[in-house]
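What follows draws every value from the coordinates through simple rules; no lab data is involved. The model shown is predicted, which means the values in this text are computed figures rather than measured ones. In this analysis, Cβ positions are derived from the backbone assuming ideal geometry, glycine residues included, and neighbour counts consider all displayed protein chains.
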Amino acid sequence: MRIRDKSVAKAREDCLKFVEAFVKQIGGRALPHAAFLKEHCLRIFRRDDVKGVQAAALKPLTVLLEWSISHSKQPPNFSVDLGLTNVLIVEFR
């Protein structure tokens with residue numbers, strides 16, 4: 001990967017870290033947007049070939065899942081069952 005490509009990948013990773021921090025800060029107010037976040041984060045995860053960006057793409061989802069389970073005892077509207085939710089949280093913490 002060239003220098004420029006590395007800087008672009010780092011920028012994408014930093015943007016996803018920002019989204020993660022924002023979701024942590026607003027907590028449950030992000031739940032209505034869970035489906036949108038899931039769609040876009042998983043699209044980034046599937047299409048990007050940089051491992052750091054892929055890992056960062058899953059972090060906003062794990063924050064939403066952790067918040068939802070600890071506060072409301074049910075996963076957000078991700079169309080993901082509770083068993084898969086627990087696996088995601090354990091694997092990507």
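Once phi is turned into θ = phi - 60°, what whole-Hz ³J(HN,Hα) does the Karplus curve with 6.51, -1.76 and 1.60 give for every residue of the stretch 45-58, x standing for Gly and Pro?
Values, residue by residue: 4, 6, 8, 8, 9, 8, 4, x, 5, 4, 5, 5, 5, 8 Hz.
Under the 0.36 nm per residue contour assumption, what length would be gained going from the current alpha-carbon distance of Glu39 and Lys51 to full extension?
2.5 nm
Putting +1 on Lys and Arg Cβ atoms and -1 on Asp and Glu Cβ atoms, find which of Phe22, Thr62, Ala9 reaches farthest to the positive end of the dipole of the stretch 1-73.
My answer, from the dipole projection, is Ala9.
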